[in-house]
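Asks: Let me give you the structure first, and then I'll get to my questions.
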Amino acid sequence: MVEIVTLQRAPTRKTFVWLSPLWFVVGVLLAVQWHGHGWQLFSIGALPGVWATFLLGAEVPGSGTSGANGTVLGWVLPSLLCGAAVMWLLGTLLDRLETDARLWLGALVLGAAVAGYVLLQGYNDLDGAIDHHGSFFAFVVCALQLGSYGATLLLLAIGAGRGGAGAR
């Protein structure tokens, strides 16, 4: 007689399934306030969702276009919705790999420091960078967003390399 055997799976924690999209949404909303010159730092920081604006043909606010596609809402809303969906998917994968949130936070801080350093390297001095983008906080927000993406991808690679529940 043939029997079907099913293995019992332990319930996974739901940490990153809500933390990743929430972090993304908060970062994008902060980046709307401190977006940098020509929305450059916003576009870099909102990378998981900003691709949707190009697919929809939305124009960058202040670029001389008129209509709904030239408004901040026409630029930010697709970025928010699509980026939150991408981060939800990545968060679900992190939860399935049972990733430790403390390890993610440590990787985020390290990644944000590296990203902030790299972002500022294009300018002769800090005052020149602030003059160009409007505020130092625009760099901080963008660096924190990039650090979270780096931490997520790093821990996904580590967890997948360990064959599952090994990123703790």
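Asks: For the chain, what does the helix formula give at 222 nm: sum of -39500 (n - 2.57) over DSSP H segments with n ≥ 4, over the residue count, nearest 500 deg cm²/dmol?
Replies: Taken over the chain, the calculation gives -22500 deg cm²/dmol.
Asks: According to the Kirkwood expression over distinct Cα-Cα pairs, how big is the hydrodynamic radius of the range 16-161, in Å? Each step should come with its number before you reach the end.
Replies: Values: mean 1/r = 0.0638 Å⁻¹.
Radius from the Kirkwood sum: 15.7 Å.
Asks: Let me ask another. What does the extension gain come out to for residue 81 and residue 140, with contour length at 0.36 nm per residue minus their alpha carbon separation?
Replies: 19.0 nm
Asks: Quick check: the distance between the Cα centres of the range 12-29 and the range 98-129, to the nearest angstrom?
Replies: Distance between centres, Cα-based: 19 Å.
Asks: To test your reading of the geometry: what angle, between 0 and 90 degrees and rounded to tens, separates the Cα axis of helix 16-33 from the longest principal axis of the chain?
Replies: Computed tilt is about 0 degrees.
Asks: Please identify, among 157, 115, 85, the residue showing maximal mean-square fluctuation in a Gaussian network model of the chain using a 10 angstrom Cα cutoff.
Replies: Among 157, 115, 85, the largest GNM mean-square fluctuation belongs to 157.
Asks: Between residue 37 and residue 110, what length comes free when the chain is fully extended (0.36 nm per residue of separation minus the Cα-Cα distance, one decimal in nm)?
Replies: 23.7 nm
Asks: Could you give me the radius of gyration and the Dmax of the range 76-168, taking only the C-alpha atoms into account and expressing both in angstrom?
Replies: Final numbers for Rg and Dmax: 15.7, 47 Å.
Asks: Let me ask you something else. GNM on the chain, C-alpha springs below 10 Å: top fluctuator among 113, 31, 143?
Replies: Most flexible of the set in this elastic network: 113.
Asks: When the chain is fully extended, how far beyond the present Cα-Cα distance does residue 132 get from residue 162, taking 0.36 nm per residue of separation?
Replies: Gain on stretching residue 132 to residue 162: 6.4 nm.
Computed from the coordinates by the stated procedures, all read-outs in this text should not be read as laboratory data. If you're wondering where the values come from, they're calculated on a predicted model, not measured in any experiment.
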